[in-house]
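Read the structure below first, then the notes.
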Amino acid sequence: MCNIPLLCIVGPTACGKTHLAVRLANEINGEIISADSRQVYRKMNIGTGKDLDEYSITGKQIPYHLIDIVDPGYHYNVYEYQHDFQLAYQDIVGRNKIPILCGGSGMYIESVISNKYRLDEVPVNDEFRKDAEKYSMDELIAKLKSYKSLHNNTDILDRERLVRALEIALYYDQNPLWYNEQVKYNLFYLSIERSVLRERIASRLTQRLENGMIEEVKLLLDSGVSMDDLLYYGLEYRFISQYLADMMDYEKMTSKLLMAIGQFAKRQQTWFNRMRRNGFQMTDIDTSLSDSQKLQIILSTINS
RNA sequence: GGGGGGAUACCAGAGCGGUCAAAUGGGGCAGACUGUAAAUCUGUUGGCGAAGCCUUCGGAGGUUCGAAUCCUCCUCCCCCCA
């Protein structure tokens with residue numbers, strides 16, 4: 001049943017992902033799963049670029065998922081996303097519709113199309129623990145390395161952690177993912193020249209400020225969302241809340257924010273570049289192409 | 001009109017005769033990323049290169065073995081007194 005691949009539209013902020021994903025969904029009877037770590041929050045609309053009206057096209061509403069699913073103030077994370085994604089994905093596929101993943105949170109995207117971020121509830125394995133007592137630290141470390149490459153030292157700091165790490169590795173090795181299978185996917189990367197992207201970001205920022213983005217942040221604060229949470233949400237929420245708290249003037253706020261968004265966009269591109277280097281197949285779509293040309297590329301890729 | 005201060009690499013800003021291709025910060029560029037990822041962190045930043053060489057500190061001259069640093073003139077900016 002999972003022959004339908006997940007079509008992924010990815011790229012940096014302000015490159016037109018939603019616009020394209022909606023058109024694609026309209027074309028192939030698809031539904032959109034957002035991969036945006038901030039659009040999950042309700043009431044955070046302008047600052048996260050939610051653009052909900054973009055989801056209706058020629059009078060038709062394209063269904064979307066994983067947007068507006070938690071309240072502001074909550075700290076959502078990758079692992080919850082991984083879980084929520086599976087539910088949405090299986091729901092869509094179960095209804096014979098085509099899932100389209102669309103977003104710019106690289107880690108969220110990678111977490112659902114690779115098995116690199118697996119984190120199940122792993123039960124204690126007494127038998128294994130007893131057996132492990134017979135081996136030295138070095139032997140156990142060697143064994144752990146045979147299961148996975150160590151990305152840091154936290155797993156081998158002491159015997160207890162090491163045994164637990166091995167226990168988890170063993171469990172993963174012997175048990176399938178809680179969801180049935182690895183998601184098949186097709187990645188489409190919206191490529192855009194940095195300077196053009198910067199211009200887009202700048203004009204979009206001006207527009208958002210005119211559209212009441214500052215009011216939005218003020219409302220969040222008034223409704224009880226803490227300053228710390230807004231700082232944590234980053235970018236527009238971070239800088240605007242600092243401006244509202246008189247920590248910087250308007251001019252400084254806008255210039256720093258503009259810079260920060262630009263730097264963020266660069267990091268997003270770095271993430272996707274790395275995914276490509278690490279073997280993820282990616283089809284580039286030049287943002288300067290027309291909508292129909294872009295759709296053409298996607299359709300011909302998935303039909304071949 | 002008189003007096004004073006200043007012009008340094010993309011920006012801000014140190015340096016005030018040699019150890020200066022020039023501190024530091026910002027930006028830019030590149031990268032990392034396993035329970036905060038719109039976060040956090042790292043490298044790099046005149047040109048060509050292996051050593052090394054070449055062109056830089058507003059402009060033109062000068063002093064000196066040697067100048068971003070001292071002197072003269074010029075251009076522009078800021079402040080104060082008229």
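Brief remarks follow.
- The combined condition, being part of a helix (DSSP H, G or I), among the β-branched types (Val, Ile, Thr), touching a residue at least 60 places away in the same chain (Cβ under 8 Å) and surrounded by 13 or more Cβ atoms within 10 Å (Cβ to Cβ), is fulfilled by A:Ile302.
Table: residues versus (1) assigned to a helix (DSSP H, G or I); (2) of a type in the set (Gly, Ala, Ser); (3) modelled with pLDDT of 95 or more; (4) within 13 Å of RNA strand B (Cβ to nearest atom).
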residue	(1), (2), (3), (4)
A:Cys2	no, no, no, no
A:Cys8	no, no, yes, no
A:Cys15	no, no, no, no
A:Leu20	yes, no, yes, no
A:Glu31	no, no, yes, no
A:Arg38	no, no, yes, yes
A:Gln82	yes, no, no, yes
A:Val93	yes, no, no, no
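- Scanning region A:255-302 for residues that are out of contact with any helix residue (DSSP H, G or I) (no Cβ under 7 Å at 6 or more places or on another chain) and β-branched (Val, Ile, Thr) returns A:Thr270, A:Thr287, A:Ile297, A:Thr301, A:Ile302.
- Qualifying residue in region A:270-279 (condition: in contact with a strand residue (DSSP E or B) (Cβ under 8 Å, 6 or more places away or on another chain) and either crowded, with 18+ Cβ neighbours inside 10 Å or farther than 16 Å from A:Pro12 by Cα (or both)): yes
- Within region A:205-230, tally of residues that are within 11 Å of RNA strand B (Cβ to nearest atom) and either among the acidic types (Asp, Glu) or farther than 14 Å from A:Thr48 by Cα (or both): 2
- Exclusive hit being closer than 23 Å to A:Ser105 by Cα and surrounded by 18 or more Cβ atoms within 10 Å (Cβ to Cβ), set A:Ile168, A:Ile240, A:Ile214: A:Ile240
- Within region A:251-299, the set of residues being aliphatic (A, V, I, L, M), part of a helix (DSSP H, G or I), farther than 30 Å from A:Glu210 by Cβ and under 21 Å from the mean Cα position of the chain (by Cα) comprises A:Met275, A:Ile298.
- Close pairs (8 angstrom Cβ cut-off, 6 or more residues apart or separate chains): closer than 18 Å to A:Pro12 by Cα in region A:200-222, among the charged types (D, E, K, R) and assigned to a helix (DSSP H, G or I) anywhere: A:Arg208/A:Glu236
- Sole exception among (1) within 15 Å of the chain's Cα centre (by Cα); (2) under 30 Å from A:Leu219 (Cβ atoms); (3) buried (at least 21 other Cβ atoms within 10 Å of the Cβ) for A:Ile100, by number: (2)
- Apart from one condition, A:Lys294 fits all of (1) surrounded by 13 or more Cβ atoms within 10 Å (Cβ to Cβ); (2) closer than 20 Å to A:Cys15 by Cβ; (3) among the basic types (Lys, Arg); (4) near RNA strand B (Cβ under 9 Å from one of its atoms); the exception is (4).
The values are calculated or read from the model by the stated rules, or taken from the named source; none is laboratory data. All values derive from a computational prediction rather than experimental measurement. Because the Cβ atoms are built from the backbone with ideal geometry, glycine has one as well, and the counts that use them run over all protein chains shown.
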